[in-house]
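Just so you know, all these numbers are worked out from the coordinates, no wet-lab data involved. These numbers come from a predicted model, not from an experiment. A quick note on method: Cβ atoms are made from the backbone with ideal geometry, for glycine too, and the neighbour counts reach across all protein chains shown.
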């Protein structure tokens, strides 16, 4: 099933005390262009995010927004400066002995001195944090791809309908083409009868002229190639792989065959048919630009 290049996906989950939200938005682009916007503190996870996006998306301008609330994950570590505490203890003990003071030297008393206790934030496991972000990213990508698949199905149905229209017009061109030769032969015979009223008409000459004309306006090869392109196009629309670029190339080939038929035809009906086909081709080309 084809997917659209435009889409949106969002996921939110609390993992290891972190409230992580990931949003994805994308628009059409010739190639994959991924931009990640997240808190500077977690920029180390950017490469992992882009790598995950590249595996899921082949084309489009993708913006990834990551927000992280770490309030519940804040873990503080209390450290004891043992050399400094020992120095304070020895100093207090010396004062006590020197001046014959009473009372105990308690841990509470030592903890009140500057820099005996220090509070620092626990170091984070960067790989674990990146993995948590990617876990939420995967869920956002799942929602994002579901939306793109729905839009892609709509595009495929529209293109398929227009392809059927082109195919029906090709049938009309194939049916009409032999008639143009017969009509040309009749006009040629009538003209020669008019000019050479008293002279016997050379039937072989008329047949030769009709054969030359038939060869000039023959569109058999073009209609065969058109039908082949149409069959390939339908196969691509059913593919699970990204086919946007292939479809873009193929529709150019369809347009080229239509132009060739238009340049060969010397018939008003076929000319109008070609105009109708080219109109459908142009609409398909516009839709293909939205497909991944």
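Approximating the spin labels as points 7 Å out from Cα along Cα→Cβ, the residue 276-to-residue 139 distance works out to 5.3 nm.
Separation of the range 105-120 and the range 230-292, taken as the distance between their Cα centroids, equals 80 angstrom.
On full extension, the segment bounded by residue 131 and residue 100 gains 5.0 nm, given 0.36 nm per residue less the C-alpha separation. Extending 7 Å from Cα along the Cβ direction at residue 150 and again at residue 260 yields two label points whose distance is 4.3 nm. Once the C-beta distance of residue 252 and residue 65 is scaled by a Förster radius of 30 Å, the resulting FRET efficiency is 0.25 to the nearest 0.05.
With R₀ fixed at 30 Å, the C-beta to C-beta distance from residue 43 to residue 77 puts the FRET efficiency at about 0.80. Computed extension length for residue 234-residue 92: 42.1 nm, one decimal, from 0.36 nm per residue of separation with the Cα-Cα distance subtracted.
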